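Only one structure is covered here, and it is reproduced in the block below.
The values are calculated or read from the model by the stated rules, or taken from the named source; none is laboratory data. Fair warning: this is a prediction, and the values are worked out from it, not measured in the lab. Neighbour counts are summed over all protein chains in view; Cβ atoms, including those assigned to glycine, are modelled from backbone coordinates with ideal geometry.
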Amino acid sequence: MTLEDVQARVAEIRSIGAGDPEAAHSKEDDLYRDVLQFIAYGPQGLHKELAYAALETQEEDFPRWCA
């Protein structure tokens with residue numbers, strides 16, 4: 001996983017945004033899980049940068065709820 005991978009996924013979540021909040025929320029959850037798994041099991045390196053990049057989705061204004 002690279003910083004560019006995370007940034008691309010954040011951009012995808014932004015593009016979905018309020019148009020389909022359920023899909024955006026699901027992709028956000030997937031991103032967080034994948035970043036945490038990479039941090040836990042991946043090589044040392046960009047952990048802090050990946051976490052900060054993933055958390056940028058918190059700035060997006062869409063309802064977060066689960067069915």
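Could you tell me whether A51 is surrounded by 14 or more Cβ atoms within 10 Å (Cβ to Cβ) and either within 16 Å of L3 (Cα to Cα) or in contact with a Phe, Trp or Tyr (Cβ under 9 Å, 6 or more places away or on another chain) (or both)?
For A51, the condition - surrounded by 14 or more Cβ atoms within 10 Å (Cβ to Cβ) and either within 16 Å of L3 (Cα to Cα) or in contact with a Phe, Trp or Tyr (Cβ under 9 Å, 6 or more places away or on another chain) (or both) - is met.
Can you tell me how many residues within the stretch 22-31 are in contact with a helix residue (DSSP H, G or I) (Cβ under 6 Å, 6 or more places away or on another chain) and loosely packed, with under 15 Cβ neighbours inside 10 Å?
So the count comes out to 1.
Check G42, G19 and return the single one that is modelled with pLDDT under 95, loosely packed, with under 13 Cβ neighbours inside 10 Å and not charged (D, E, K, R).
G19
On the given criteria, is D61 farther than 16 Å from L3 by Cβ, at pLDDT 90 or above and acidic (D, E)?
It is false that D61 is farther than 16 Å from L3 by Cβ, at pLDDT 90 or above and acidic (D, E).
Kindly provide the set of residues from the stretch 1-16 that are of a type in the set (K, R) and modelled with pLDDT under 95, ordered by number.
Across the stretch 1-16, the qualifying residue is only R14.
Mind checking which pairs have a first residue in the stretch 28-41 that is of a type in the set (D, E) and a second that is modelled with pLDDT under 90, Cβ under 8 Å, 6 or more apart or different chains?
E28/T57; E28/R64; D34/M1
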